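The values are calculated or read from the model by the stated rules, or taken from the named source; none is laboratory data. Keep in mind the model is a prediction, meaning the values are calculated, not measured. Heads up, the Cβs are rebuilt from the backbone with ideal geometry, glycines too, and the neighbour counts pull from every protein chain shown.
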Amino acid sequence: MITPSKPAVMLVDGYNVIGAHPKFKAMRDHEGLEEARRALIELLANYSAYQNYETDIIFDAQHQDRQGSRQTITQHLAIAYTHFNQTADSHIERACALFFEKISGASRNA
């Protein structure tokens, strides 16, 4: 396996995966959303460590009256809850734009 010089970045819309993947959807429907979230986090923590990916799981908090937050789970995985009135999609779009600016600037300066 060829190891890249910089780790890959994976951004995951947590609730979209839970709602779209049969395993997590069934878990959500029978065991509850918290259990489905826990299982997704565990799966992605293991996968990210194995692949050496930098992974962020983003969960919408758009309908809750609170500030967004970020929690580091492992050296490869963090969980972000969006700010009030922000979707995971908009959070991911912004993160991609910032990442693109970062690598574009780095390549111009190299």
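Is at least one residue of region 103-110 of a type in the set (D, E, K, R), more than 19 Å from Val17 (Cα to Cα) and assigned to a loop (DSSP other than H, G, I, E, B)? No - not one qualifying residue is present in region 103-110. From the list Gly105, Gly32, the lone residue that is modelled with pLDDT of 90 or more, out of contact with any Leu (no Cβ under 9 Å at 6 or more places or on another chain) and small (Gly, Ala, Ser) is Gly32. It is to be established whether one or more residues within region 15-35 are over 20 Å from Phe99 (Cα atoms) and touching a residue at least 24 places away in the same chain (Cβ under 8 Å). Scanning region 15-35 turns up at least one residue that is over 20 Å from Phe99 (Cα atoms) and touching a residue at least 24 places away in the same chain (Cβ under 8 Å). Out of curiosity, is Ala80 without any contact (Cβ under 8 Å) to a residue 40 or more places away in the chain and either within 11 Å of the chain's Cα centre (by Cα) or closer than 14 Å to Val9 by Cα (or both)? Criteria met by Ala80. When Gln71 is tested against (1) free of Cβ contacts under 8 Å to residues at least 12 places away in the same chain; (2) assigned to a helix (DSSP H, G or I), just one condition goes unmet, and that condition is (2).
Here's the yes/no breakdown for (1) surrounded by 20 or more Cβ atoms within 10 Å (Cβ to Cβ); (2) more than 24 Å from Pro22 (Cβ to Cβ); (3) out of contact with any His (no Cβ under 6 Å at 6 or more places or on another chain):
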{"position": "Ser48", "(1), (2), (3)": "yes, no, no"}
{"position": "Thr72", "(1), (2), (3)": "no, yes, yes"}
{"position": "Thr87", "(1), (2), (3)": "no, no, yes"}
{"position": "Ser90", "(1), (2), (3)": "no, yes, yes"}
